[in-house]
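These notes concern the structure reproduced below.
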């Protein structure tokens with residue numbers, strides 16, 4: 001016997017309240033967690049969620065972390081609406097970074113204004129290619145993109161490890177697995193003196209705008225939405241399921257690839273093994289937390305960025321383990337999905 | 001009558017749902033051995049009332065008396081223990097299990113499979129419903145599956161048997177057989193509650209009838225003493241609407257032709273199509289009769305383009321289109337109304353303007369890849385007005401429409417596309433009498449403007465009302481289409497059983513087969 005039954009009219013208001021419920025539940029469970037670890041609860045919260053925002057520098061760091069999350073999540077959200085689950089954005093980010101990094105390394109010593117744009121284009125192509133492989137596997141062999149995208153993200157990390165340990169290793173890098181530090185012409189220019197905020201911000205800004213319009217107005221988006229809500233209706237209307245798969249996976253790979261370039265030509269400044277603290281995975285949560293809506297994703301991106309910063313602060317000030325960031329991310333997704341279950345369903349009342 | 005204790009007595013049954021009163025102060029009495037009809041349109045509250053008796057739904061108020069004792073039926077298992085059996089309209093059988101295994105699954109007592117198989121065989125033969133207990137359910141026809149459901153109830157020796165629209169899946173001949181069985185059961189003292197909206201069935205089978213409309217009892221009658229007109233008035237509050245089929249005076253040219261279409265089934269328990277040929281002419285409605293599961297789904301997929309086939313097998317105006325998908329065929333003027341309205345013909349959580357966009361985006365609703373939502377809204381509003389879609393506007397979600405109103409919207413949307421060919425599956429399935437009449441008339445009117453229409457329907461009466469020619473699809477084969485005037489229910493019923501008038505002596509062969517079938 002099923003304990004839940006679908007609600008005839010799931011509430012729209014609740015759909016948008018769910019992220020707030022999830023945040024509240026995460027904070028509540030978080031307090032319990034701090035308490036069991038023997039940390040003062042209020043101080044812990046202060047360190048985690050307030051302290052990172054007490055300085056201007058903190059806000060600039062928030063922006064730096066939010067940008068890639070928002071950019072990747074915009075691309076992922078489109079696929080999620082069509083129920084095409086790309087969970088390998090991390091791999092697409094890495095391949096984008098590799099392509100962009102390749103441009104930076106081959107143009108080393110040159111000084112030209114086209115280098116950064118070329119890196120962005122190369123990164124977009126790299127990410128799109130890494131998204132195209134699962135699309136091909138799905139449309140030709142019906143291989144689940146959920147599995148192939150995830151597996152390909154491991155392949156991507158291994159390729160990155162090979163490149164920075166081998167061909168692209170910095171000869172003067174004391175054998176560390178990293179490339180040369182990129183020159184200024186291969187880096188985004190800094191926007192705010194004394195911070196790391198750079199011009200890649202405008203890429204994210206433009207992407208938010210474009211995706212907002214795309215989601216609200218385009219016929220392609222309508223086809224994607226129908227494919228996710230009622231696959232049979234999409235088939236009936238003669239919308240191409242294959243086209244949707246290609247579009248969603250290539251598009252989400254593309255945004256992730258650009259985000260990868262944003263990291264290596266921004267805060268990281270080279271290719272190394274730590275170019276992303278799991279942005280590709282965290283962006284999945286951002287997309288859902290933002291209700292797959294272009295503007296919702298912006299808010300969710302900032303929240304997720306704050307969790308990253310808070311996690312770092314908690315490691316420094318409270319001697320908490322690195323895993324604390326992952327725990328908060330995980331709880332957020334868990335409570336969000338949990339809320340969604342109860343928005344779409346209700347407890348079956350036994351007669 | 002006062003000496004007999006009624007088998008079942010309902011007093012003042014009321015059931016309210018948040019938005020609708022399903023039953024209001026419903027009372028009825030069924031005597032032992034009586035066949036009692038519950039007559040009403042879709043949505044009149046028949047099913048809710050039966051579910052209350054069967055313990056699947058709890059009433060808000062009212063009393064249920066069984067053999068004079070008040071009972072409080074908490075769930076279907078208790079109902080079965082009290083001797084109430086129910087045969088649902090939609091079967092709940094496992095296709096990968098045998099007949100006996102399926103029956104064993106719902107018995108509330110421990111069982112011994114071989115002994116059960118023997119009992120199944122005995123009971124089924126006693127009531128003229130022969131069944132092989134060891135056959136897999138997926139190999140059974142729909143009629144045979146219904147026998148499994150009935151035998152499953154009979155094994156528990158019910159005192160009261162409820163049947164919900166049992167004939168919708170049967171050929172006319174199988175209906176006759178079923179009625180014989182029901183009369184035999186009644187003669188043994190079993191009371192039968194028979195739910196239907198088909199007047200002639202109720203007149204030929206039932207002793208008494210209770211008529212429901214909008215959840216209330218609007219009449220009690222002895223059906224044999226009534227006319228279809230008087231029953232209809234009680235059921236829908238007015239005369240049965242009749243469709244008008246004007247004569248088509250345009251050119252009779254073939255528009256859609258299918259030749260030698262053979263198709264493997266698309267699902268594990270589907271039906272293969274074997275060498276199907278048909279022609280739909282401009283200005284006519286071709287009816288495809290037959291019970292669902294005989295290749296209807298496959299034929300519709302192939303015609304609509306959701307499954308593509310050999311290029312030359314399907315032609316539109318002489319040009320091959322078999323290889324084109326549904327979108328490409330729509331571009332050429334073939335529109336389609338599918339059987340499943342929610343989820344295929346319409347996207348449930350989206351508004352009617354979005355649902356207009358689904359197929360009408362070709363009507364200038366796109367500009368540089370962007371949607372002109374204003375146009376979609378206008379289209380949806382026009383469709384709502386022209387086709388009398390009640391309680392809706394362009395912003396209403398498809399899923400909040402009733403079945404009949406949603407069907408009016410979908411049919412209207414497709415008609416407004418100004419098609420050359422229109423394919424319609426089960427146009428009035430689950431639709432109330434009033435809306436059905438509007439839909440049938442809309443199809444007739446459209447055909448008389450020179451559109452070629454193909455209607456697949458399980459309802460024979462419907463096809464006799466609107467189709468100019470009728471062909472029968474049975475076991476994946478299609479009989480040659482014959483003008484309606486040359487057919488009657490009995491002839492169509494024979495073809496449904498899979499016997500076509502191929503040979504010259506077809507008639508004798510057919511009647512011999514019928515004798516065998518009923519023996």
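Only the coordinates and a few stated rules stand behind these numbers; no lab work does. Bear in mind that the values here come from a model prediction, so they are computed numbers and not experimental data. So basically every Cβ, Gly included, is an ideal-geometry build from the backbone, and we count neighbours across all protein chains shown.
Points worth noting:
- Taken along the Cα-to-beta-carbon direction at a fixed 7 Å, the label points for residue B:118 and residue B:328 span 6.2 nm.
- Modelled FRET efficiency - R0 25 Å, residue A:174 with residue A:316, Cβ distances, 0.05 increments: 0.40
- Mean separation of Cα contacts under 8 Å, 6 or more apart, over the residue count of region B:251-373: relative contact order %: 19
- Relative packing of peptides A:96-102, A:187-193 - highest average C-beta neighbours within 10 Å first: A:96-102, A:187-193
- Contact order relative to length of chain A, as percent, for alpha carbon pairs under 8 angstrom and 6 or more apart: 35
- Test item: A:216-226 mean partner chain Cβ contacts at 10 Å: 5
- Point-to-point label distance, residue B:11-residue B:489, nm (Cα→Cβ direction, 7 Å offset): 3.9
- Folded to 0 to 90 degrees: helix B:142-154 orientation relative to chain B principal axis, Cα: 20
- The packing ranking, built from the mean of other Cβ atoms within 10 Å per residue, places the peptides A:172-179, B:442-449 in the order B:442-449, A:172-179, highest first.
- DSSP beta bridge pairing in chain B, given as percent antiparallel to the nearest 5: 50
- Between region B:387-421 and region B:99-134, the Cα center-to-center distance that results, in Å: 46
- Highest average packing first - B:55-62, B:238-245, B:72-79, B:330-337, Cβ atoms within 10 Å: B:330-337, B:55-62, B:72-79, B:238-245
- Contact order, relative form, for region B:8-236: 29 percent (alpha carbon pairs under 8 Å, 6 or more residues apart, mean separation divided by residue count).
- On the beta carbon distance between residue B:264 and residue A:184, with R0 = 56 Å, the FRET formula returns roughly 0.30.
- Region B:346-410, Rg to Rh (Cα coordinates; Rh as Kirkwood inverse mean 1/r): 0.96
- Translational D in µm²/s for region B:300-430 (Stokes-Einstein at 4 °C, 1.567 mPa s, Kirkwood Rh from C-alpha pairs): 86
- Gyration tensor verdict on the protein assembly as shown (Cα atoms; rounded if a/c is under 1.5, prolate if a/b is larger than b/c, oblate otherwise): prolate
- Shielding by other protein chains, A:235-245, mean Cβ within 10 Å: 6
- Share, in percent, of DSSP beta bridges within the protein assembly as shown that are antiparallel, nearest 5: 55
- By the Stokes-Einstein formula, at 1.567 mPa s and 4 °C, region A:71-158 with its Kirkwood radius over alpha-carbon pairs has D equal to 95 µm²/s.
- Partner chain coverage, peptide B:343-351 - average Cβ within 10 angstrom: 5
- Between the Cα long axis of helix B:172-187 and the first principal axis of chain B there is an angle of about 10°, rounded to the nearest 10.
- Against chain B, whose longest principal axis is taken from its Cα atoms, helix B:433-447 shows a tilt of about 30°.
- In this simple spin-label model, placing a label point 7 Å from the Cα along the Cα-to-Cβ direction at both residue B:449 and residue A:158 gives a separation of 6.3 nm.
- Rg/Rh, computed from the Cα trace of region B:8-236 with Rh as the Kirkwood radius, has the value 0.96.
- Region A:215-278-region B:1-72 distance, computed between alpha-carbon centres (Å): 55
- Debye intensity ratio I(q)/I(0), log10, chain B, q values 0.06, 0.08, 0.09 Å⁻¹ (C-alpha model): -0.31, -0.56, -0.71
- Alpha-carbon centroid distance for the pair region A:1-64 / region A:105-174, whole angstrom: 34
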